[in-house]
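So the structure is just underneath, and the comments pick up after that.
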Amino acid sequence: MTSISSKKPTLNWLATKWLGIFSLFLASCDTPKEIGADLFSVEVGLNFTDTLQIESSTVLIDSIQTGGSNSFLIGSYQHPDLGTFQSSFFAQISNADTLTSKSTSIMDSVRMSLVYTSFQGDTLQPQTISIYKLKDSLSLSTSYFTNSNVAYDANPVALHTFKPRVVKARSFNGDSLKLDTLTFRMSAAYGSELIKNYTDKSLSGGGKLFRASFPGLYIKSSSAAKAALLGISPAYSKMTLYWHNPGDETKYYLNYYFSLSTARSDEVQARFNKFEITRSGTLAALVKPGDIISSKKTNNTTYVQSGSGIVTRINLPTLLNLKGKNNVAVNKAELVLSGIDGLDLNNTLGQLSLILVDGANKPLRNSSGLGFVVSEGGGGIQTATYNAAFNNYTFNITTELQSVLAGRKSNLGYLVTPTLASSSNGMTKLVSESARFVPLNALKAKVRLYYSYIAK
């Protein structure tokens, strides 16, 4: 027999050496969470599969909030499969400075400046913007959704027809940011109504009394169906009142702001977008929340779209078959969803989230809002970022699948949605600030699953 110190070790010694190293490797791994570490104390099987059956469908859900968004959406966007997406918005305005006009001041004009930072659709189509005064106030304590509404005066205070310019590259000039701006005049009657507030300093100074007198504005756009949906920046957009005094060559002005806050004021204004969706083709069958259409009826494609309530449902009908007569421990599981070939990156959602779903195709809820799939190793909302190199999104669902296989959760599947967010009170919500979307290739959806098992 050759000694273990020999320069020519036997094959048996070499096999023993590598078996020992492999055992040390397994022992050095972090203890998996919720996968039953005691299963490794006896005979272990190591397995991999990426052939689990996946059922994909397109589903309509509700409860999409649009209040307090970072972008006003105005106009329309049309897609051959998703239909027409139209948006208008409601917003409060407030001045950061006290109006300093006199009883003899002469109003020159009121101008609206809307700064847009994004678009979807055809910017060569003309649009007509209409602006109306609100009759009722908006409230920061109210949750506004895609179909919310507030009463407004039927007589517009501004009408303006234009063709949107394509949003140019943003350039920095010192500390200023130059963006495309749409500027037009409001009605003279509206300007006169604003300037007369010099008699009441409680109104001219802004705040609650000002908003009670001027609750806000409703702004919408009418256009051809194949037009453009514009993203307007509340932070940079504003309305400006201009006036002069007799015998005084100085031109005076005062800005009214849409932004949640400005450098000169921490006053907060409420606002929300209102969406109107007209679906076409096969997806027209999605009428009420919970309606579902199999990917087999949509050319093996499912959809996720921001704002419209269209999401993708993923079911794993054969997952429990992995158990058989064995106990199963999930070492790692990834859900990989691929976009269709030739994805339009200009309209593609950059991130997706996963929501738990009930048997009626509706999101599960808990005391914190929507029941989302938790990020692995943490407690936050798990998101998957689009990988342009592989044209896919990847979710880590290790703990989720272990909970199903261990009987702690039902095998009901998941809803793939636009990115979730947390509101100011900590409630999880589905928000929308665009009509961006992604068509997913149902035939390429897969779960990469590494698992271990032992006989019962």
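Only one of the listed residues (Ile61, Ile131) is surrounded by 14 or more Cβ atoms within 10 Å (Cβ to Cβ), of a type outside the set (S, T, N, Q), over 30 Å from Ile195 (Cβ atoms) and at pLDDT 90 or above. That residue is Ile61. Of everything in segment 364-394 that is of a type outside the set (Gly, Ala, Ser) and part of a loop (DSSP other than H, G, I, E, B), the residue that is surrounded by the most Cβ atoms within 10 Å (Cβ to Cβ) is Val373. Of the residues making up segment 114-129, at least one is at positive phi and either out of contact with any Lys or Arg (no Cβ under 6 Å at 6 or more places or on another chain) or charged (D, E, K, R) (or both).
When the test is whether a residue is open to solvent by 40 Å² or more (accessible area, probe 1.4 Å), of a type outside the set (Val, Ile, Thr) and touching a Lys or Arg at 6+ places or on another chain (Cβ under 8 Å), Tyr242 passes it.
Residue check: Ser259 meets all listed conditions (1) touching a residue at least 40 places away in the same chain (Cβ under 8 Å); (2) assigned to a loop (DSSP other than H, G, I, E, B) but one, namely (1). Count of segment 309-332 residues, restricted to those that are of a type in the set (Ser, Thr, Tyr) and open to solvent by 10 Å² or more (accessible area, probe 1.4 Å), is 1.
When every residue of segment 96-107 is checked against the conditions, none turns out to be part of a strand (DSSP E or B), open to solvent by less than 20 Å² (accessible area, probe 1.4 Å) and modelled with pLDDT of 90 or more.
Considering only segment 109-124, I want to know if a residue exists there that is β-branched (Val, Ile, Thr), in a loop (DSSP other than H, G, I, E, B) and exposed (fewer than 13 other Cβ atoms within 10 Å of the Cβ). Scanning segment 109-124 turns up no residue that is β-branched (Val, Ile, Thr), in a loop (DSSP other than H, G, I, E, B) and exposed (fewer than 13 other Cβ atoms within 10 Å of the Cβ).
Kindly indicate whether any position in segment 229-239 is touching a Lys or Arg at 6+ places or on another chain (Cβ under 8 Å), open to solvent by less than 20 Å² (accessible area, probe 1.4 Å), aliphatic (A, V, I, L, M) and in contact (Cβ under 8 Å) with a residue 60 or more places away in the chain. Within segment 229-239 (the criterion being touching a Lys or Arg at 6+ places or on another chain (Cβ under 8 Å), open to solvent by less than 20 Å² (accessible area, probe 1.4 Å), aliphatic (A, V, I, L, M) and in contact (Cβ under 8 Å) with a residue 60 or more places away in the chain), the answer is yes, since at least one residue qualifies. Residues in segment 395-413 that are open to solvent by 10 Å² or more (accessible area, probe 1.4 Å) and part of a strand (DSSP E or B): Asn396 only. Criterion applied to Leu356, Leu345 was being free of Cβ contacts under 8 Å to residues at least 60 places away in the same chain, in a strand (DSSP E or B) and either open to solvent by 10 Å² or more (accessible area, probe 1.4 Å) or in contact with an Asp or Glu (Cβ under 6 Å, 6 or more places away or on another chain) (or both), and the one residue passing it is Leu356.
Take segment 279-292 and flag every residue that is more than 18 Å from Asp358 (Cα to Cα), surrounded by 13 or more Cβ atoms within 10 Å (Cβ to Cβ) and not hydrophobic (A, V, I, L, M, F, W, C).
Arg279, Ser280, Thr282
Among the residues making up segment 144-164, those that are open to solvent by 60 Å² or more (accessible area, probe 1.4 Å) and assigned to a loop (DSSP other than H, G, I, E, B) are Asn147, Asn149, Ala154, Asn155, Lys163. Taken together, the residues in segment 371-419 that are of a type in the set (Asp, Glu) and touching a residue at least 24 places away in the same chain (Cβ under 8 Å) amount to 1. Note on segment 279-336: residues that are part of a loop (DSSP other than H, G, I, E, B) and acidic (Asp, Glu) total 1. Of everything listed in (1) within 24 Å of Ser130 (Cα to Cα); (2) modelled with pLDDT of 90 or more; (3) open to solvent by 20 Å² or more (accessible area, probe 1.4 Å), the single unmet condition for Lys196 is (2). Note on segment 70-94: among residues that are over 30 Å from Ser202 (Cβ atoms), part of a loop (DSSP other than H, G, I, E, B) and of a type outside the set (D, E, K, R), the one that is modelled with the lowest pLDDT is Asn70. Inside segment 368-397, residues that are at pLDDT 95 or above and among the hydroxyl-bearing types (Ser, Thr, Tyr) make up a count of 4. Suppose the filter is touching a residue at least 40 places away in the same chain (Cβ under 8 Å), of a type outside the set (D, E, K, R) and at positive phi; does Asn300 pass it? Answer is yes for this residue. Evaluated against (1) assigned to a strand (DSSP E or B); (2) modelled with pLDDT of 75 or more; (3) exposed (fewer than 13 other Cβ atoms within 10 Å of the Cβ), Ser141 falls short on exactly one condition, (1).
The values are calculated or read from the model by the stated rules, or taken from the named source; none is laboratory data. Keep in mind the model is a prediction, meaning the values are calculated, not measured. Glycine gets a Cβ as well: all are built from the backbone with ideal geometry, and neighbour counts include every protein chain shown. Ligands, DNA and RNA are excluded from the accessible area calculation, which covers all protein heavy atoms including side chains. Shrake-Rupley method; radii C 1.70, N 1.55, O 1.52, S 1.80 Å.
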